[in-house]
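Report on the structure given below.
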Amino acid sequence: MNRKSVFCKAAAAVCAVSALMAFNCFAVLAAPPEAMTADTVAMASVKVKEVTSPHLEPSVKTALNAFLKTYGNTSPDYRIENRPYAVFDFDNTTSVMDVEEQLMIWQLDHLAFAVAPEKMEDVLKTGIPAAKLDLTYGADDGSGKKVSIRSAIADAAKAYGELYAGGYVSVAGREQPASVRRSGSYQEFAAKMRWLYDAIGETMDASVSYPWVTYWFTGMTPEQVHALAYQCDSYYGDPAKGQTWTKGAYASPKDYVSAAGPVTVSFKQGITVTPEIRELYAALDANGIDTWINSASPLDVVRAAVDYFRIPGVDGIVAMTNKKDEQGRYINAYDYDLHAQTQGVGKAETIDSVIRPLYHGRGPAFAAMDSQGDFNFCTEYKDTKLVLVLNRKRSDDAALCAAAALWQKEKGIGLVAAGEQGDTLYVLQGRNENTGSLWATEETRLLGKKENAGLSDKGKAALQELRQGKSIRDMLHDKTKLSAYGGYKSR
């Protein structure tokens, strides 16, 4: 799928919602039910396309195929005007690892930025409440030293100005020579920028931290961000190039004069979309089920991944999107006029405002998730029949969904039985992060580990409550970390 086909796939829908979509590209819109052609209707006579990979956990494969058969276009109850749709998270669900986090490393390695040096400090402070600029975070070097966010921003901006003055910074970025990468300015800039991402994420609300990294694209056009992300994916997504499945690190030099002093920071390396996930997207498409991506990564970054990894059947994308200036370049301001931030409850709010109106007000029939940011949209919809949970041994509310999956598996509850009980069926799929692959178990091997992992302590506690007779509804309500939760099947 090339970039043009992503935007042109549903021309009828684009025309129907042009007032919303004009030049903002906030979503790739699926054609509304009324716009479907006779060719699509004829698909109802074809045999159900199943997922067949031996690397899917057996109960996951069974549930997915039951869903395709029950709700796809070979079912006698299927109606093209009321066709179901699926919503996938992207990072660590559709993909193994995080496309935006990998792009951050690409940007830093290649010094791919378009921010004027005199504006970098203000850009890096965007959205951070003044009272929180003096928060401190561990230096990640084993020293126990705490570094203030304000001083780290000042250091990063200063080093950036030095690199910019040297002619090393460019919008497209370039492979930097060893002499540059050994320089104090470069090592300081890379380490402080990546450290800030962790520090802001750990000390502030997601409403601050999630849009913060999108401001790195300030001054770039959507096409430039897409091209940058595509280059990154084509390098790290290729096993013959950069797909390392390991951890990297940046360290600022000890002899570089700075306000904060030296820091070190580690990060994960590698990105892919597995054959099993691409097969699932293709099977949904072949069975007449629309497929959307709902991601907390920037829109153009997700578009590039869909293009590079050739994910089939994507009917729509909603993702983080910033405002633009008169020249069509991104500025450091999230565009709330399009939709809410696509993380946490904002993902559900965006489904409600952007996607549901195209489907007569119905919620997603299928959803796929991995973490806290997906908890709302994967638990709140009455119409959701099946949720695929990618196991990452999470200690957040994703652990509750993983526990529900294991309890339902223990009880032998399938798709039909879960529906009869008024529940969504949750299924848990494991993976090996050291190889970037799925495997036929619900257990996961985390990056850098040699042993498999199952549930976190939070997940184990939730599973025990289910075994003792608590309902999924009550377990979710009682154990969620959210202070305000809309509720299981409340939308």
task = Quick one: compute a quarter of the convex hull surface over the Cα atoms of the chain and quote it in nm².
result = 22.8
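Write down the percent of antiparallel bridges among all DSSP beta bridges whose residues are both part of the chain, to the nearest 5. Display every interim value, and only then the final one.
Working: 16 of 39 bridges.
Antiparallel bridges: around 40 percent, rounded to the nearest 5.
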key: Distant-in-sequence amide H partners of Arg445 (H built 1.01 Å from N, under 5 Å)   = Arg431, Asn432, Glu433, Ala453
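Of the beta bridges DSSP finds with both residues in the stretch 335-491, what % are antiparallel, to the nearest 5?
Rounded to the nearest five, the antiparallel share is 25 percent.
Extension gain Arg181-Ala484, at 0.36 nm per residue separation less the Cα-Cα distance, in nm? Don't skip to the end; give the middle numbers.
Working: separation 303, 0.36 × 303 = 109.08 nm, distance 4.63 nm.
Gain on extension, Arg181 to Ala484, equals 104.4 nm.
Which length gain, in nm to one decimal place, applies between Ala240 and Glu326 when the Cα-Cα distance is subtracted from 0.36 nm times their residue separation? Walk me through the intermediate numbers first.
Numbers: separation 86, 0.36 × 86 = 30.96 nm, distance 4.10 nm.
Gain on extension, Ala240 to Glu326, equals 26.9 nm.
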note = Relative contact order in percent for the stretch 281-361 (Cα pairs under 8 Å, 6+ apart) equals 26
query = Using θ = phi - 60° and the Karplus form 6.51 cos²θ - 1.76 cosθ + 1.60, what ³J(HN,Hα) does each residue of the stretch 187-202 get, whole Hz, x for Gly and Pro?
reply = 4, 5, 4, 4, 5, 5, 5, 5, 5, 4, 4, 5, 4, 5, x, 8
task = List, in order, the whole-Hz ³J(HN,Hα) value for each residue of the stretch 452-462 obtained from phi through the Karplus relation with A = 6.51, B = -1.76, C = 1.60 and θ = phi - 60°; use x for Gly and Pro.
result = 6, 10, x, 9, 6, 4, 5, x, 5, 5, 5
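Determine the sum of side-chain charges near Asp134: Lys and Arg each +1, Asp and Glu each -1, restricted to other residues whose C-beta is under 14 angstrom from that of Asp134. Could you put the intermediate results ahead of the total?
Values: positive: Lys125, Lys132, Lys146, Arg150; negative: none.
In short, +4.
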message = Tell me the volume per residue, in Å³, of the convex hull enclosing the alpha carbons of the stretch 99-269.
response = 112
message = Modelling each spin label as a point 7 Å along the Cα-to-Cβ direction, I'd like the Val416/Lys247 distance in nm, to one decimal.
response = 4.8
key: the stretch 390-395 - phi-based ³J(HN,Hα) in whole Hz, Karplus 6.51/-1.76/1.60, Gly and Pro as x   = 7, 7, 10, 6, 6, 9
remark   = Cβ-Cβ cut-off under 11 Å around Gln429, Lys and Arg +1, Asp and Glu -1: the net charge is -2
request  = Calculate how steeply helix 149-165 sits against the longest principal axis of the alpha-carbon atoms of the chain, using the helix alpha-carbon long axis, and give the answer as 0 to 90 degrees to the nearest 10.
outcome  = 70
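Under the definition of Cα pairs under 8 Å and six or more residues apart, what whole-number percent is the relative contact order of the stretch 99-269?
Numbers: 239 pairs, mean separation 52.3, N = 171.
Averaging sequence separation for qualifying contacts and normalising by length gives 31 percent for the stretch 99-269.
Past the 29 Å Cα-Cα mark, which pairs from Lys49/Lys393; Lys393/Lys470; Lys347/Lys460; Lys247/Lys324? Could the numbers behind the result be given before it?
Working: Lys49/Lys393 31 Å; Lys393/Lys470 22 Å; Lys347/Lys460 27 Å; Lys247/Lys324 34 Å.
Long pairs (Cα-Cα over 29 Å): Lys49/Lys393; Lys247/Lys324.
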message = Given an 8 Å cut-off on Cα distances and at least 6 residues of separation, report the relative contact order of the chain as a percent.
response = 19
inquiry  = Please give me, ordered by residue number, the GluC sites (Glu not before Pro) of the stretch 436-469 that lie in loop per DSSP and have at most 10 other Cβ atoms within 10 Å.
reply    = Glu451
query = Local charge sum around Gly414 (other residues, Cβ-Cβ under 13 Å, Lys/Arg +1, Asp/Glu -1)?
reply = +2
task = For the stretch 363-425, run through the trypsin sites (Lys or Arg not before Pro) and keep only the ones in DSSP coil with at most 14 other Cβ atoms within 10 Å of their Cβ.
result = Lys382, Lys411
query = For the chain, what is the charge dipole size about the Cα centre, in debye to the nearest 20, if Lys and Arg each add +1 at the Cβ and Asp and Glu each add -1 at the Cβ?
reply = 640
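Every number here is computed from the coordinates shown, using simple stated rules; none is lab data. None of the values given here were measured: they were computed from a predicted structure. No Cβ is skipped: glycine too gets one built from the backbone with ideal geometry, and neighbour counts run over all protein chains shown.
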